[in-house]
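So the structure is just underneath, and the comments pick up after that.
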Amino acid sequence: MEDIPWGLIGPLVGLQLLLAVIGLISLSKAESVRGPKWLWAIVIVLGNLIGSIAYFTAGRKEV
């Protein structure tokens with residue numbers, strides 16, 4: 001446990017959680033997205049950092 005660089009991992013975990021929460025809130029408020037909402041929820045939760053980024057770049061429809 002002493003060899004783990006927590007100074008680097010901590011902010012990444014925080015960023016991942018923040019993006020997941022913002023992504024899920026955005027998904028719940030969106031009227032329509034590209035694909036089923038339940039699938040995007042799974043991608044956001046299980047896709048770690050990349051899942052949230054994928055939703056924001058590919059999943060949301062332009063208004």
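Is the stretch 29-37 home to any residue that is out of contact with any strand residue (DSSP E or B) (no Cβ under 7 Å at 6 or more places or on another chain) and among the hydrophobic types (A, V, I, L, M, F, W, C)? No: the stretch 29-37 contains no residue that is out of contact with any strand residue (DSSP E or B) (no Cβ under 7 Å at 6 or more places or on another chain) and among the hydrophobic types (A, V, I, L, M, F, W, C).
Applying a threshold of 6 Å to beta carbon distances and a minimum spacing of six or more residues, or different chains, the list of pairs starting in the stretch 1-16 at a residue that is closer than 29 Å to PHE56 by Cα and ending at one that is of a type in the set (A, V, I, L, M) and surrounded by 10 or more Cβ atoms within 10 Å (Cβ to Cβ) reads GLN16/LEU49.
Reported count of residues in the stretch 27-52, each being in contact (Cβ under 8 Å) with a residue 24 or more places away in the chain and either in contact with a Lys or Arg (Cβ under 7 Å, 6 or more places away or on another chain) or among the acidic types (Asp, Glu) (or both), is 5.
Just so you know, all these numbers are worked out from the coordinates, no wet-lab data involved. From a predicted model like this one, the values you see are computed outputs, not experimental measurements. Cβ: placed from backbone, ideal geometry, glycine included. Neighbour counts: every protein chain shown.
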